[in-house]
1. Which of the residues spanning the stretch A:56-68 are of a type outside the set (Gly, Ala, Ser) and either open to solvent by 40 Å² or more (accessible area, probe 1.4 Å) or away from chain B (no Cβ under 14 Å) (or both)?
2. Using the structure shown, decide if B:GLY78 is outside any loop (DSSP other than H, G, I, E, B) and either within 11 Å of ligand 1 (Cβ to nearest atom) or more than 24 Å from B:GLY208 (Cα to Cα) (or both).
3. Just for the stretch B:9-43: of the residues that are free of Cβ contacts under 8 Å to residues at least 12 places away in the same chain and within 11 Å of ligand 2 (Cβ to nearest atom), which one is farthest from B:ASN56 (Cα to Cα)?
4. Within the stretch B:28-87, work out how many residues are of a type in the set (Phe, Trp, Tyr) and at positive phi.
5. Scan the stretch A:801-815 residue by residue and report those that are in a helix (DSSP H, G or I) and open to solvent by 10 Å² or more (accessible area, probe 1.4 Å).
6. Would it be correct to say that B:MET41 is under 28 Å from B:ASP209 (Cα atoms), more than 14 Å from chain A (Cβ to nearest Cβ) and open to solvent by less than 10 Å² (accessible area, probe 1.4 Å)?
7. Please give the number of the condition B:ASP129 fails out of (1) away from chain A (no Cβ under 14 Å); (2) under 26 Å from B:MET1 (Cα atoms).
Amino acid sequence: MIAIVIVSHSREISDGLKRMAEAMSQENVPIVSAGGMDEPDNPLGTDALLIKDAIEQVIDNDGVLVFADIGAAKLNAEMAIDLLAADQQRKVRFCDAPLVEGVLAAAVQSAGGGTMDAVIQEAQSAYHPPTDIAKETGTLALEHSDNAIHADYQIVNPLGLHARPAARFVTGLNACTSDVRLRNLTKNSGWVNAKSLNKVVTLEVVEGDYISVSADGEDAAQAHAVIGALIDENFGEGPARIAPDAAPPLESAPATAQLGPVLNGIPISPGFAVAPAHHLRTELPSVDVTRVEDTEAEVARLEDALARARDEITGIMKRSRDTANEYDASIFKAHLLHLDDPEIADIARARIRGEQLNAEAAWQQTAAILIEDYACLDDTLLRARGDDLADVSNLVLRILSGATEPITEFDRPVVLCIPHLTPSDVPALDLEHVRGICVETGGKTAHAGILASGLPIPVVFGVGPRLREVEDGAEVILDGTTGTIDIAPDAKALDNMKRKRDSWVGRISEAQAIKLDPAVTRDGQRRRVAANIASVDEAKIAVDSGAEEVGLFRTEFLYMNRDAAPDEEEQSKVYDKVVAQLGGRSLMIRTMDIGGDKPVPYLDRPGEANPNLGWRGLRYGLSNSDLFQTQLRAALRASAKGPVRIMFPMVSTLEEVLAARNELETAKESLSTAGRAFDPDTEIGIMIEVPAAAELAELIAPHIDFFSIGTNDLTQYVMAADRGNPNIADLFDSFHPAVLRAVKRTIVAAKDAGIWVGMCGAMAGDPLATPVLLGLGLDEFSMNSNQIPEFKLDFTKLSADACVDLAHETLVLTGADQVRECIKAFLEETVS
Amino acid sequence: MLTSEHITTWIRKSADEMRDNRGYLTELDAAIGDADHGNNMDRGYKAVLEKLPDDNDVGAILKAVAMALISKVGGAAGPLYGTMFLQAANALKGKEALSSEDVELLLKSSVDGIVMRGKAHAGEKTILDSLIPAHEAYKEARAAGAELIACLDAATHAAEEGMKATIPMIATKGRASYLGERSRDHQDPGATSTYLIIKTLYEAASEGDAT
Ligand SMILES: Nc1ncnc2c1ncn2[C@@H]1O[C@H](COP(=O)(O)OP(=O)(O)O)[C@@H](O)[C@H]1O
Ligand SMILES: [Mg+2]
């Protein structure tokens, strides 16, 4: 973010301008008012030292831009910059622009993540005499590629695209990388850059106007999704005063002529499909409100529906356990909790009895209020809970109304096109015939996204409303790797894709053939390939997929969805079973990582505003000694049956490690006293997922036997980016050099101390990450079982030596995209 | 040689002049600016007196002057004179006495400082119009073999000439430039305060029997 310092002769001006700019940028941009002088009898003037102080207050941002009003203010601003330390000076620029217009434009541009140059450019073009603008907007032609996504919208919020709505529009689009152009259809204007506040306001889009938007680039669909969402919420302005018309005016005809044949979305599950499109509307039966006489019978109907919904969800859970893993299944446990939530069921019952409402209406109205409550929350995690509730609520309504499952079975191959995919849809899919799925909404981190990513077919989310334009039955090409759908492929494209699909299928079978071989590079370096599992059943799948060991056994499922914590015997049985399934392969038991975001009612945990930074992992274990001891004893007992390692999650400090060691010693003593067998040399280690632990790695390493890097949390904490927040999705990127540096630091510390280091986060199974991780010296790669065959196939094609150089190259880059480009170029050059 | 005492005396004398000419400078600024130059300079130099260090290093003294002016003057003259004294302080760092050659360096670095900050040229009706001639005259006198005090005498005369020469000029820098043509026929306040600063340097040197 680029911070802004406002210098004016008058403190009132700089204070007032700061407030305006904050309102425009939704208070996201650090702005400091540095106007006036600290001289009671002479307050009008500027003070270089005061300005210097102001700059220093925000120097920790990506950059600081200083604006000044007339003459002396500018001289003093420049003086202040000269007075800064040399390394600070490099981050600060003076911006010669009209103060008010410049600062407002800069704030909006910065809120959207603009670079220093982009912010300056926007500020400097902030003032044009109106006549020039008319000329300019009238002549700007649209030069977008055929892949551009194009759509028209009606703007119905009272302010139109001005002031805050315009700022939100621009800020939202600036989070996208695509080039986005906008024109006012109603006023027949030219095209302008939709990411420029100044340009957008010149279009004078007022309530009722139609706009045309063209987005060109990788995330073009996302850009349209952003606009759609803003219009849906009426730019936060409250209800619209006019109803949107059904169709845009005629002028839009030339614009729609530019429709490209390719739709873009978010790649969820890779693979290729060529098949006729098939639309499914998951619309709900409409609910009529009626008056019932026999209220008890109506309550019974509701009970019955709830029971059947419970059965259905449990069934789905089972199916998802077969196809995916326990973690996925746990998502449905949250669904069950909603079903049992007295807040909904009790109120619905009371309304049936009290208001003589029919069960459908009572249930829908009650759930709707809660869903609405969730939707208003700021916390994205809680908001996601609202989606779950909506899913559950719809299921109950479908049962009550006798509507059938929306995702039916097919008799021929199809590419499914649906507005919304719910978690419960995923395991219900007919995978025989469904060759691929395109969804209008959704993202990677939605529950449905997590589930769908495990499907053996291409899946693309977030395609946007244009998906509806795809003709039913038309042959389409779905590429789950790039997230694109060709809705009108020509013969050549079809041919191409069929070949691609063949080679994909070929590659899969090649990988299957070598999956049980060790992973050895071209130049003879061997690395361990392990599986992440979260249930007993998955142990066998891991072995069958070619895992040499289990690098992560999540144990949270033992604690979830029950009334009391599992005792030592119960846990011991589970661990023994897994050890037995692994047939001599090592099992990494990770002690419970239960945090405030996982519902474990009997633990009676306090609510936390920030569960990710809260009382979870080892932190929680250390302060709940009984619970912790039980698990440690059970885990140690398993070490008598086969090779076991114990790993602690969410570690920040050396003291925690030492305390955990102590707990383990206590557990060993108590087992010895009880005459229980265990392996006294059981390896212990920690997950590296907190930046503090990565920083302290060399101090911690001598006290343990291994590190395992958890990239999802490490990325979230290093980048300070919540992975569920779409506005900062590009920050949550494990390929960012900042994350890679933490990984490198950890590996170097491990090597220096003579211990091994693995990785059990999503990155370990990402083919693009492999060469860098290999080059950095990672010993063990632990991933989802279904990734292992292809991982091994790719691995054998690498040269470890060359990867060392590549790793070093990536560490000095500045962005995740650059890292990716660099690796891609490397792979193209060395592997073909 | 100018000792550090000469320099301190110079600064005190400048402060007296700014106090005595406060009304005059403000009046000049009222004609083509915002009627604050006298107040600005007086306030600045008052702060300078409070901050004058007990130090023999001329560089350190000039740096203290610079910082006080930067934080207290408020108008354009603050950063301008501030940078001027900072540049001089850097050039003379560590010197406890200034040779005739050092004084020339003092003037040269002063010009550099004003140019660096204000990016003006001679003839734009600014400080530079008395400062540049002062430096030139000093340089010529020294090249012709004149003593330090004589050189400063020449510089003072040149600064005064330069100051008066700003009267017919049209301002193209600073606040006065907003007046355009109407800035003609007025003496520039900044050039005037600069003349006072050069003049007091000469006075401090000659009264203190600098050799
Ligand atoms: N860019 C510049 N370069 C040199 N001197 C300048 C410049 N701008 C203004 N000045 C000088 O500053 C003087 C005005 O100082 P002052 O009144 O303190 O500042 P302000 O103009 O901010 O009120 C002018 O008379 C002029 O000599
Ligand atoms: Mg003035």
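1. Here is the first cut: in the stretch A:56-68, the residues of a type outside the set (Gly, Ala, Ser) are A:56-62, A:64-67.
Of everything in the stretch A:56-68, those that are of a type outside the set (Gly, Ala, Ser) and either open to solvent by 40 Å² or more (accessible area, probe 1.4 Å) or away from chain B (no Cβ under 14 Å) (or both) turn out to be A:GLU56, A:GLN57, A:VAL58, A:ILE59, A:ASP60, A:ASN61, A:ASP62, A:VAL64, A:LEU65, A:PHE67.
2. Values: outside any loop (DSSP other than H, G, I, E, B): yes; either within 11 Å of ligand 1 (Cβ to nearest atom) or more than 24 Å from B:GLY208 (Cα to Cα) (or both): yes.
Yes: the conditions hold for B:GLY78.
3. Of everything passing the filter in the stretch B:9-43, B:ALA30 is farthest from B:ASN56 (Cα to Cα).
4. Summing the residues that are of a type in the set (Phe, Trp, Tyr) and at positive phi in the stretch B:28-87 gives 0.
5. Within the stretch A:801-815, A:ASP801, A:ALA802, A:VAL804, A:ASP805, A:HIS808, A:GLU809, A:LEU811 meet the criteria.
6. On the way: under 28 Å from B:ASP209 (Cα atoms): yes; more than 14 Å from chain A (Cβ to nearest Cβ): no; open to solvent by less than 10 Å² (accessible area, probe 1.4 Å): yes.
So B:MET41 does not fit the description; no.
7. Result: B:ASP129 fails condition (2) only.
Condition check ((1) within 32 Å of the chain's Cα centre (by Cα); (2) at pLDDT below 95) across all residues:
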position: A:GLY607; (1), (2): yes, yes
position: A:PRO611; (1), (2): yes, yes
position: A:GLY614; (1), (2): yes, yes
position: A:SER623; (1), (2): yes, yes
position: A:SER639; (1), (2): no, no
position: A:VAL644; (1), (2): no, no
position: A:PHE648; (1), (2): yes, no
position: A:SER652; (1), (2): yes, no
position: A:GLU656; (1), (2): yes, no
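The values are calculated or read from the model by the stated rules, or taken from the named source; none is laboratory data. Here the structure is a predicted model, which is why all the values come from computation and not from measurement. With ideal geometry, Cβ positions are generated from the backbone for all residues, glycine too; neighbour counts draw on all protein chains shown. Heads up: the accessible areas ignore ligands, DNA and RNA and are worked out on the full protein's heavy atoms, side chains in. Shrake-Rupley method; radii C 1.70, N 1.55, O 1.52, S 1.80 Å.
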